[in-house]
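Novice: The structure's right below; bear with me while I get my questions together.
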Amino acid sequence: MANFFTDNDDILFLFDHMDLGEIARVQEQGFADAQQPGIDYAPVDEADAIDNYRRILEIVGDIAANTIAQRAEDVDHDGNVLNDDGTVDLHPFVADNIKRLGQADLMGFTLPRRFGGLNCPNLIYTIANEIVSRADGSLMNIFGLQGIAETINAFADEEIKGEFLPRFARGEVTGAMVLTEPDAGSDLQAVRLKAFEEDGQWYLRGVKRFITNGCGEVLLVLARSEPDVSDGRGLSLFITERNPKVTVRHLEHKLGIHGSPTCELVFDDCPARLIGQRQRGLITYVMALMNGARVGIAAQSLGIAEAAYRIGRDYAHSRKQFGGPIERLPAVAEMVTDMKVRLEAARALTYETSRICDLENNNNLVLEFNPPDDADERKRRKQLSKHYKRLNGMLTPLSKYYASEMSCYVADTTIQVLGGSGYMQDYPAERYLRDARITTIYEGTSQLQVVAAVRGVCSGAFEKRVAEFDEIQYTDPELVELKCKLAEVKEDVLAAITFVKSQGTDYLDLAGRKLVDAAVAVYIGHLFLQQAAGISGPGATAVSNGQQWADYRNRKKAMAKHYLATELPQARLNCQRVQSGHRAALDEYELLAGPVPVKE
Amino acid sequence: MGYHCVVCVKQVPDTANVTGEAMREDGTVNRAALPTIFNPEDLHALETALDLRDRFGGTVTVLTMGPPKASDVLRDCIFRGADRAILLTDRRAAASDTLATSYILSQAVRKLKDVDFVFCGRQAIDGDTAQVGPQLAEKLGYPQVTYLEELLGLSDKTARIRRNVGNGWEIVEVDLPVLVTVLDTANEPRPAAARRVMKHKKARTRIELEAAAKNALPDASADEREAEIERQAETLRSRGLMLEQWNLDDIDADLEWCGLSGSPTKVHRVQSIVLTKEGYTEIPPTEEGLRQLIRELVVDHTLG
């Protein structure tokens, strides 16, 4: 039987390469659930937990390959239906896909077991999101919205948690994060939807737009509860269930992800309940939700790119022109290898980010609920918390940016490899490009990711992390040599950072993309070296995945060499451009952009 | 209340990957040389039973006859939601043909008592006989409904079933208990449920524990090994993870009717046939098109 987990060498390799034991330890907090009465599926130790992760991903891979992928073309073709009464009928296949994922217990992926969840780390959820997205990018917009349940779990009171979370875990309900408005897109501080309180009951009034799965049963709504506070501090987060007081006014007609219903919602004095505290809606809760969602989009990007790449690779091999397969043509060979390198690069970065998220989240949980008695240990944990927070502040936007741009590139290049056939609807290549195209836009555009990431890069998080990577001692002389090359380019990046800091904020943002591109090349270069050596990260000494993966590690060495040979010159060029101080796009904008077109 | 459904399932060689060693000298299938899978249509039989239970209440018991490795399909059934699973394993049952197999299964179903439904896949992909289901019905004295595509309704002790008859369908009503064989068009089998997988992945049959003990304690005495097996079995039992295992004595089978002695069928030869095709030709539905087609068929000696 086809399986999108077990047929993917790179995911299987990373599954063994990454230190899942460490993740299982922090996630299971002493494997206490196994001792809890009434819970009969908790792991007893690291090996048991890792075995569970593998089995869970096998189920995801099975459903993705044999059910979801088979239906993706029909779902893309038909889309969902808006009814006259403001309700939405999901495509029957979409509804059934969700039902099956629920039957497989996969809709409470990261929720605690006391609510019926699987208590999986974010990393395993990220892999699952990638696998589902490979089958149907648009389904991830519902499967991948489990961050809503996580947000409820993290910030709502026990009553709300007990009421909603078991239903999420059973797959009975799905959710939506209801944030965007016609005049509040990237700038959520401008949200206007009104929340008002009468006799102790909150009500919502107003319009929301571009709401993914807005027809879902449980809505988390960002609304202005403090009419006198005009910025983000006037916003609170509310929860409401589908009811006649909230209707779908419009379903968007989109370029891609047709299976994902994008709704315009009208709240007509809809009763709602407050999540957590007033005024923390945007600045605390939505920020946390968005960070998780960004990693989710990175995973979606990987899945779509994987699906596209497989067609391109196969076509280059089987299509014969000029007396042989077209992959023998240098230009095609370059496209194919380029796609694969970037795909694996983005996967390395995204999984690394997701892993650090797990370390950060679980460390925070310990500090909040079980603070160590020992003062030194408490201090160490607090420092760790700060370290992870800074690192994630850089890595999350970095992977969302890198993976989504990669996804568009791979989907686009696959069409190029297929040529005329790729442009036709006979192959799913064009669907993959349409689906991939949204990933650089929603959950914060690439440009906004760069704004966030470049601040991380300049804050010292990049330098500190790469210094840790530099400490890793390789025994293979080739890897040692490659590490030296990375160290040289790192100096260029640091020099560019110093230069940028001497300029104004507008130049920081103008140079942002180039600086981020240079930094990410160095970062990913290190990740490839670690994969080639079988070292799971700084501090690890033993080969992480034994003899079984020796050949694959050699392949990763070739990948590392190739990546450095192609990307480092580019990174250097980017640093030079940053240091040129060239700012015509700002200073001479009117001149260069020309007049605004006159509308007839 | 509710209905007691028994589902007969089989672990089969993956016939998509047949190799040269697939058949032994004596003409029986060499299972060790082939990767094994859950017989596809049996998954649909299981789904029919699970769906019936979910809609009308009751329990689903899965029964498989086979070597120790067949425990895999039992675990798979439990992962997907079966309530109880039984491995029928006995060396004396080896080389049973459909007649002997249906006899053995009938003895097992009799032992289960109070059965309302027996579900089987239409046929297994190794023998492709489609005989075991119907033979089992005869041995049990149950009415049989083959080729189920949909269970339309169920009221007390009468089931209403739509069956596919090849060029159409018919709807039949039948009194329980009944044996039903299920087509792969009947439903889409549900996936394994993660929480059940995590709990039941450690479930074992006794014969598996015996094999594991043999590996783990190669130098131990028989008594020591037996003590270790019993200790593990007790631990598993206390957590509801011991899969049941029956032999021919447990089901009061007449040994004459089992295994080789109970099997009149002899396999003559197993042949691997690869069907190939090279493209297709479209023939226009005209006089000239037909003439052209006939000419081609004559040329390649299909006609004349």
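Novice: Using DSSP to define loop residues, name the GluC sites (Glu not before Pro) in region B:209-293 whose beta-carbon has at most 10 other beta-carbon atoms within 10 Å.
Specialist: Answer by residue number: B:Glu278, B:Glu282.
Novice: Taking +1 at the Cβ of each Lys and Arg and -1 at the Cβ of each Asp and Glu, which of A:Val191, A:Leu179, A:Ile257 sits farthest along the dipole of region A:177-282 towards its positive end, judged by Cα position relative to the Cα centre?
Specialist: About the Cα centre, the residue reaching furthest to the positive side is A:Ile257.
Novice: Now a separate question. In a Debye calculation with equal point scatterers on the alpha-carbon sites of region A:287-414 and no solvent, what is log10 I(q)/I(0) at q = 0.12, 0.17, 0.21 Å⁻¹?
Specialist: Computed log10 I(q)/I(0) values: -0.57, -0.84, -1.06.
Novice: Here is a follow-up. What dipole magnitude, in Debye to the nearest 20, does region A:177-282 give about its Cα centre under +1 on Lys/Arg Cβ and -1 on Asp/Glu Cβ?
Specialist: I would put it at about 200 debye.
Novice: Looking at chain A, do any whole DSSP H helices span at least 30 angstrom along their long axis by alpha carbon and average -0.5 or above on Kyte-Doolittle, and which?
Specialist: Result, helices passing both filters: A:287-318, A:330-369, A:477-501, A:505-533.
Novice: Given only helices, namely DSSP H runs of n ≥ 4 each adding -39500 (n - 2.57), what is the per-residue ellipticity at 222 nm of chain B, to the nearest 500 deg cm²/dmol?
Specialist: Dividing the helical sum by the residues of chain B leaves -10000 deg cm²/dmol.
Novice: I've got another one for you. As a footprinting exposure proxy, order B:Ser106, A:Ser385 by other Cβ within 10 Å, with the fewest listed first.
Specialist: Exposure proxy ranking, most exposed first: A:Ser385, B:Ser106.
Novice: Treating the Cα atoms of region A:9-174 as identical point scatterers in vacuum, please give the log10 of the normalised Debye intensity I(q)/I(0) at q = 0.20 Å⁻¹, two decimals.
Specialist: Each listed q maps to, in turn, -1.36.
Novice: For helix B:98-112, report the angle its Cα long axis makes with the longest principal axis of the Cα atoms of chain B; keep it between 0 and 90° and round to the nearest 10°.
Specialist: Rounded to the nearest ten degrees, it is 40.
Novice: Quick one: order A:Leu145, A:Leu82, B:Leu248 by neighbouring beta-carbon count within 10 Å, fewest to most.
Specialist: So the residues, fewest neighbours to most, are A:Leu82, B:Leu248, A:Leu145.
Novice: How long is the protein assembly as shown along each principal axis, judged by its Cα atoms, biggest number first, in Å?
Specialist: So the extents along the principal axes, rounded to whole Å, are 96, 79, 70.
Novice: To continue, here is another question. To the nearest 20 debye, what charge dipole does region A:9-174 have about its Cα centre, counting +1 at the Cβ of each Lys and Arg and -1 at the Cβ of each Asp and Glu?
Specialist: 260
Novice: Using only Cα atoms and rounding to the nearest 10 degrees, what angle (0 to 90) does helix B:71-80 make with the longest principal axis of chain B?
Specialist: It works out to around 80 degrees.
Novice: Charges only on Cβ, +1 for Lys and Arg, -1 for Asp and Glu: so what's the dipole of the protein assembly as shown about the Cα centre, in debye to the nearest 20?
Specialist: 1380
Novice: Under 19 Å from the Cα of B:Lys277, which lysines turn up, not counting those fewer than eight places away in the same chain?
Specialist: Within reach: none.
Novice: Kindly provide the helix-only [θ] at 222 nm of chain A, computed as the sum of -39,500 (n - 2.57) over DSSP H runs of four or more divided by all residues, to the nearest 500 deg cm²/dmol?
Specialist: -19000 deg cm²/dmol
Novice: Further, regarding this structure: List A:Met18, A:Met339, A:Met140 from most exposed to least, where exposure is judged by having the fewest other Cβ atoms within 10 Å.
Specialist: By the 10 Å Cβ count, ascending: A:Met18, A:Met339, A:Met140.
Novice: Once both axes come from the Cα atoms, what is the angle between helix B:222-238 and the longest principal axis of chain B, in degrees from 0 to 90, rounded to 10?
Specialist: Around 80 degrees separate the two axes.
Novice: Cross-link candidates for A:Lys379: which aspartates and glutamates have Cα within less than 20 Å, leaving aside residues fewer than 8 places away along the same chain?
Specialist: By straight Cα distance, A:Lys379 reaches A:Asp358, A:Glu360, A:Glu368.
Novice: Shielding by partners for A:52-61, please: the mean number of other protein chain Cβ atoms within 10 Å of each residue's Cβ.
Specialist: Shielding by partners across A:52-61 averages 3.
Novice: Among B:Arg75, B:Arg231, B:Arg206, which one shows the biggest mean-square fluctuation in a GNM of chain B, springs joining Cα atoms closer than 10 Å?
Specialist: Answer for the Gaussian network model of chain B: B:Arg231.
Novice: Set Lys and Arg Cβ to +1 and Asp and Glu Cβ to -1, take the dipole of region A:9-174 about its Cα centre, and tell me which of A:Asn122, A:Ala169, A:Val60 lies farthest positive.
Specialist: The Cα lying farthest towards the positive end belongs to A:Ala169.
Novice: To make sure I understand the rule: partners must be lysines, Cα under 20 Å from the Cα of A:Lys382, and not fewer than 8 residues away in the same chain. Which ones qualify?
Specialist: A:Lys464
Novice: Along each of the three principal axes of the Cα atoms of region A:177-282, give the extent in whole Å, ordering the values from largest to smallest.
Specialist: Extents along the principal axes, in whole Å: 40, 29, 20.
Novice: Also: Which entries of A:Lys490/A:Lys556; A:Lys208/A:Lys254; A:Lys400/A:Lys514; A:Lys99/A:Lys161 have Cα-Cα distances beyond 19 Å here?
Specialist: From A:Lys490/A:Lys556; A:Lys208/A:Lys254; A:Lys400/A:Lys514; A:Lys99/A:Lys161, over 19 Å: A:Lys490/A:Lys556; A:Lys99/A:Lys161.
Novice: For chain B, restrict the atom set to alpha-carbon positions and state the Rg and Dmax in Å.
Specialist: Values for chain B (Cα only, Rg and Dmax): 23.0, 84 Å.
Novice: Stokes-Einstein at 4 °C, 1.567 mPa s, Kirkwood radius from Cα pairs: D for region A:450-584 in µm² s⁻¹?
Specialist: After rounding, the answer is 84 µm²/s.
Every number here is computed from the coordinates shown, using simple stated rules; none is lab data. Because the structure is a prediction, the values reported are computed rather than measured. FYI the Cβ positions are ideal-geometry reconstructions off the backbone, even for glycines, and counts take in every protein chain you see.
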